[in-house]
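The values are calculated or read from the model by the stated rules, or taken from the named source; none is laboratory data. All values derive from a computational prediction rather than experimental measurement. Counting neighbours? That spans all protein chains shown, and the Cβs are built from the backbone with ideal geometry, glycine included.
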Amino acid sequence: MALLAAVLAVELVGLGFFVKGFFPYKRSIPGFASVQDQPESFAGGSPQEPPAPQYDRLVVMLVDALRNDFVFGNNSAMAYTQGLLRDGRAVGYTAKALAPTVTMPRIKALMTGTVPNFLDAVLNIAESDTSSSLKFQDNLLWQLKNRGKAINMFGDDTWLRLFPDVFSRTDGTSSFFVTDTVEVDANVTRNVRPELERDGWDVTIFHYLGLDHIGHLAGPDSPLMRPKQEEMDHVVRDILEIVSAQDVKRLAADSSARPTLFVLLGDHAMNEIGNHGGNSHLETSTVFVFVGEGIRGQPIADKGRNALSALLTNVVPQINLVPTLALLFGVPVPKNNLGLPLPELIAGYSDGERLRLLQIAAHQIYGVVLANDPDLATIDIAKETAGDAMPTCDSDHDPVSMVLRCEYIRALTAHKRFTKARPGSAAGAAAAAAAATAEGEYYSFMGHANAHLSRTFSGYDLNAMSVGIALFCVSTMLLVALYQASSSGIANFKTKRIIMSVPAIALLVTYVISLNSSSLIEEEHQFWYHWVQTMFFLRLLTSRHSGGVVRTFFQMCLFRIARAWNQTGQNWPGEIDIRYYLNSSYNRLMWFMVLVTFALFGVCASWIHRSAASAESLRRSKSGAPSIHVGRSRYRRRLAYGQRIFRGVLSTALANALVYQMERNGGWQVVGLSQPVWSVVRWFTPSELADVARFVYLLTFAAALLGTGCAWLRRRSGVSDHAVLVTAALEGLVGLLPLLLLLARPHNIPVFAIFVAMFVLFFPQLLPRTGFGRKGSVAVQTAGCGPAEVCSNEWRLSALRPSKALVLLCLVHASFFVLGNSNSLASLDLSNAYAGVSRYNEGLVGVLLFTANWAGPLWWAAAGFATLALSAADDTAAGPEDGRMQRLLGWIVAAHLWQAATILVLSVVVTLMRTHLFIWSVFSPRYLYQIAWFAGFYLAAVTAGGTGWLAALLATK
Amino acid sequence: MPAKKTSSAEPLAVGSSEYDSKMYPVEPNGIELMLGGMFSAMALVSPRRGLNLYESPVKYLCVSATVLFGYYAILTFADIYCFKVSDSQRRRTRTLGSRFTAVLKMGLGTLVSAFVLSVIFVLFGAPIFSQHGETYMAAVNVSFLAVTPAILTLKADIGAWRKALLSLQPKTLPEKWAAGFFWCTMVTCWAGAYFVPMDWGRPWQRWPIPIVGGAFLGYLIGLMFVAVRCFVIPLGRADFNETERLKREMTRQPLPGARSTDQASSETKKLK
């Protein structure tokens, strides 16, 4: 035990090292760009003179999760915005966001122009991290403020954390109450008119969250979506009306004033079920719409619904916003920017001015190239372009940074040629051609630099990673030794036979291989579904009697239904699953299924003690022990009381969880209850919804205490140790359900009924006596097997039979995916982590988030403990509990061996593939999930929770 | 001793003191092994232009199933599947009717086992409400490759099936034959499923092509495996027995049963 703890500590330390090396805080160029950093101009004049700004006021309207088809698509309700685009008064793009597609990294990217660090995604969830602020990193807002602009911000308070001390007037809204789709936006819109009409602002940012919340709650096809788009469209119209009216006055009053630029954009988009975070096409396709004086798009004559469909494929990187806005407002481009200026937006400048802008942008990007390759020489523009001959770049042989340097010089030379040609050239055509060449060269250089830099932008600390891997190796080997020393072991050296079963070895080998494949990581659920059914099928084939065959077949059928419940993964995300039907046309059926499930679990709760008692009486009548101990009747009476209270508490918890679900998701209306009836029901439960959830937590805790108390009483009233264990295990299994159901999405509640049914089918003794279960199987056993020696001989292939523990391991992992999770951050269910939480509290929300997302695995782990208690196999001489404690330890060591092997292989894979295209979109999220599996699930829940539970039971002796 | 091993694997040979052809009541017949390879290759290669596995998988699988059926039907009809029965008398006396019945039984048995297999496919994740044709025809093909050898060699004896396919007990040659084809085909068919979720975007990754492809590949592996296990190894043993007999004849030593233990042990050492 102590040894195991030591090994796990080693593994945790290794994990710390590896994570530190693999997810580093980004190396970025410190400091802020200034006008003095800008290159000297070819055109003469003051060398660092900033180009004249095109605009002097900016309104940014950021609509969270605004997908490109919400604006450009044929089902969009944003008629006004579409009209602007159609008339050519606005320019629209599909902006491609990079993973992780969550708000904070996206805002960072939109303001700094950088490729975000993966760790930002995690910190976005653990949102109180202050080190992620952009106080010390060059960004657009700082540059604008430095230019003396007053910046106001209304909406998502992420901005306020990211940019402390930047905004003049603010009104933040919290993004974490996902269920609210109205108030969050009303809180922003109420500021639009008063704040814009007030004087003294230069930059105003509105960040709307409602659309994202609708996506999370009900997906992009929700009936709420079109009204929300209309609402956003009205805001666009209001802003433009106010601003253009002001502009007319301002420009008339002051000849040096410039007009206002309006930008409508999304930070990221959403996938077909309304989530985001990953790298899929839908999640990353968001929107830019620019409206302003001097911006001319292509007018579209077509008035049809698909008129703007061309914009769906007009894709630009999202970070291009940064240099574009910086150049249009005449401020220095932020130092770490990797984006390119958008050509259509700087088309209003003259050729000379435009080339000057491109030179500034290229110079800034070259600065990033220099920072990433210290050996590269800076460019003395006058010297390098003295020859006036464009160099040819050898992209095949030179290192990339040398090629980039060469390309930059080419662009500069072309630019110089243009400036030289201008004064003397009578023909404007030659100058225009020279300008076009230079522009092409600049874009070519910046495009290549961007591609190169975004590939290599995250540095790894290979030393820390190697230390981590070495520690993983050590802990894996120690675990192998521990497992070998434990009761079951891997191999028997005396008989030179491998003890691990064939399926276990095959599972381990295939799993380790599958970790190398990005598609099998994205589709890990397929792996587990395949293996669960394989395990069941092998059990079916090697089952000793036809009762077992029938039960296993039913388990397979149940699992087949469960796997169709939630379609996850990246390959077939849009496949129609049961969840889809339950949330659309069969919503009423879903709520009836929820009701039936809760009723079923209520029956289960009341049935635990009866079945345990009957098992006990059966046992006693067999062993011939006296059935009544006179001296213990006092305890028996108390036990009967205690059990009744336990059942009551459990039923109350279930009822409250049901009320919570029905109230929160509107189930009572769907089922057809009238308001008075429902208010009567609500009268029995706490009136505040959050209090209902808290009440369930309290009752679950009370049930745990009562269960332990009952175990104590049970021992004193002469119940056998075996029965104490079985009852406690079943109590735990059912007692966990209210909590898990409280945190589940409503369509997933019936899945738990399937899980319970699958578990019960493992144990014929749990089935009702009258059914086919117990009696039937016993009868068939004798009929199917013939003489005893044939039986024992015939089934020597038991090496192929997976143990229950192995099937449960598969089910633990498969159930995670059955409930709709995947290895993408997008599938993390945030909406249920706030049940009963009134104020953001990191630790509490973290625990709830874990419980909500790992509900399936947690339940099956509890089922594993129950299996341990129910299997009567090794009642060793040391007593059933010590034998089971031994076996439990064996299981835990096996599970950790499995996890250690996985972490080791995954770390090696991730290290080797650190330059792979999918490293941030596939492998890194997988690694984060792996950390959660290891530290959260196997270490905290299974090891600490499981041994704690058994220790508590032992302490009642 | 190798001779002992052979006799335990061949219950019919126990007690026979003569090392002649009667020790093998059935002779391994290489014809169907070669034919099996040929026909499975034929079933894979499209026999007619315009029959495309990717465009019309059901039609293609129907054709390949028909080819496989023809192959088994010929062998069943001629009564030479698996092993040439040395009792050629029996073969000659078989009536035409009984031969037709055997073919019919083989076909029906395969179709029924294909139904069971398609249920298993669905349980393992094949679509329930669509692509029934694909699923069932894939099951028919897999069934021909994996189960029909067992149907033909083990007949309708559940005990024999369990013994042959699920136990580690010593097996007779037909049982080895059935088990070899069954497990090789099934394991590769199972492994073929891993290619379905890969994001390579190849046309052959569509259901049920990787499964059927895996099954055909496994059948070819099974052919080699079965050939070695039921054909090469027994042949080698027979040769070994033959040389031992010649040796014994030359030295005029008594047969193993009559030898003293000292002699036997020295004999063993020498042989080793």
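Within the stretch A:568-585, identify whether any single residue is at the interface with chain B (Cβ under 10 Å from one of its Cβ atoms) and not in a loop (DSSP other than H, G, I, E, B), and answer yes or no. Taking every residue of the stretch A:568-585 in turn, none turns out to be at the interface with chain B (Cβ under 10 Å from one of its Cβ atoms) and not in a loop (DSSP other than H, G, I, E, B).
Total residues in the stretch A:161-190 satisfying the condition of being touching a Phe, Trp or Tyr at 6+ places or on another chain (Cβ under 7 Å) and part of a helix (DSSP H, G or I): the figure is 2.
Please enumerate the residues belonging to the stretch B:155-172 that are away from every other protein chain (no Cβ under 13 Å) and either more than 20 Å from B:D79 (Cβ to Cβ) or crowded, with 22+ Cβ neighbours inside 10 Å (or both). Across the stretch B:155-172, there are no qualifying residues. Residue count for the stretch A:507-535, restricted to those that are at the interface with chain B (Cβ under 8 Å from one of its Cβ atoms) and in contact (Cβ under 8 Å) with a residue 40 or more places away in the chain: 6.
Within the set A:T552, A:T542, the sole residue that is facing another protein chain (nearest Cβ under 10 Å), under 17 Å from A:V807 (Cβ atoms) and over 25 Å from the mean Cα position of the chain (by Cα) turns out to be A:T542. Restricting A:R250, A:R226, A:R193 to those that are part of a helix (DSSP H, G or I) and in contact with a Pro (Cβ under 9 Å, 6 or more places away or on another chain) reduces the list to A:R250.
Inspection of the stretch A:359-372 finds a residue satisfying the criterion of being out of contact with any strand residue (DSSP E or B) (no Cβ under 9 Å at 6 or more places or on another chain), modelled with pLDDT under 85 and small (G, A, S).
Quick grid of which residues meet (1) among the small types (G, A, S); (2) on the phi < 0 side of the Ramachandran plot; (3) out of contact with any Leu (no Cβ under 6 Å at 6 or more places or on another chain):
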{"position": "A:V315", "(1), (2), (3)": "no, yes, yes"}
{"position": "A:P323", "(1), (2), (3)": "no, yes, yes"}
{"position": "A:G348", "(1), (2), (3)": "yes, yes, yes"}
{"position": "A:V369", "(1), (2), (3)": "no, yes, no"}
{"position": "A:D375", "(1), (2), (3)": "no, yes, yes"}
{"position": "A:K383", "(1), (2), (3)": "no, yes, yes"}
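The combined condition, being in a helix (DSSP H, G or I), within 16 Å of A:K108 (Cα to Cα) and under 36 Å from the mean Cα position of the chain (by Cα), is not fulfilled by A:P334.
In the set A:A814, A:A805, A:A862, A:A852, only one residue is within 14 Å of another protein chain (Cβ to nearest Cβ), in contact (Cβ under 8 Å) with a residue 24 or more places away in the chain and part of a helix (DSSP H, G or I); that residue is A:A814.
Just so you know, in the stretch A:27-75 the residues that are part of a loop (DSSP other than H, G, I, E, B) and touching a His at 6+ places or on another chain (Cβ under 8 Å) include one that is modelled with the lowest pLDDT, and it is A:F42.
Between B:M106, B:M198, B:M186, the distinction of being touching a residue at least 24 places away in the same chain (Cβ under 8 Å), within 11 Å of chain A (Cβ to nearest Cβ) and on the phi < 0 side of the Ramachandran plot belongs to B:M186 only.
Checking the structure you have, find out if any residue of the stretch A:200-212 is among the polar types (S, T, N, Q) and part of a helix (DSSP H, G or I). Looking through the stretch A:200-212, none of the residues is among the polar types (S, T, N, Q) and part of a helix (DSSP H, G or I). On the basis of being more than 15 Å from the chain's Cα centre (by Cα) and more than 10 Å from chain A (Cβ to nearest Cβ), does B:P208 make the cut? So B:P208 passes the test. Could you please let me know if A:A723 is surrounded by fewer than 17 Cβ atoms within 10 Å (Cβ to Cβ) and in a helix (DSSP H, G or I)? Spelling it out, it is not the case that A:A723 is surrounded by fewer than 17 Cβ atoms within 10 Å (Cβ to Cβ) and in a helix (DSSP H, G or I).
Out of the residues in the stretch A:360-395 that are acidic (D, E) and over 40 Å from the mean Cα position of the chain (by Cα), which is nearest to A:G447 (Cα to Cα)?
A:D394
Of the numbered criteria (1) surrounded by 24 or more Cβ atoms within 10 Å (Cβ to Cβ); (2) in contact (Cβ under 8 Å) with a residue 40 or more places away in the chain, the one A:R405 fails is (2). Pairing residues of the stretch A:134-153 that are among the small types (G, A, S) with residues that are crowded, with 22+ Cβ neighbours inside 10 Å and at pLDDT 85 or above, at Cβ distances under 8 Å and at least 6 apart in sequence or on separate chains, gives A:A150/A:V203. Counting just the residues of the stretch A:675-714 that are outside any helix (DSSP H, G or I) and in contact with a helix residue (DSSP H, G or I) (Cβ under 9 Å, 6 or more places away or on another chain), which one comes out surrounded by the most Cβ atoms within 10 Å (Cβ to Cβ)? Only one residue tops the list, namely A:T685.
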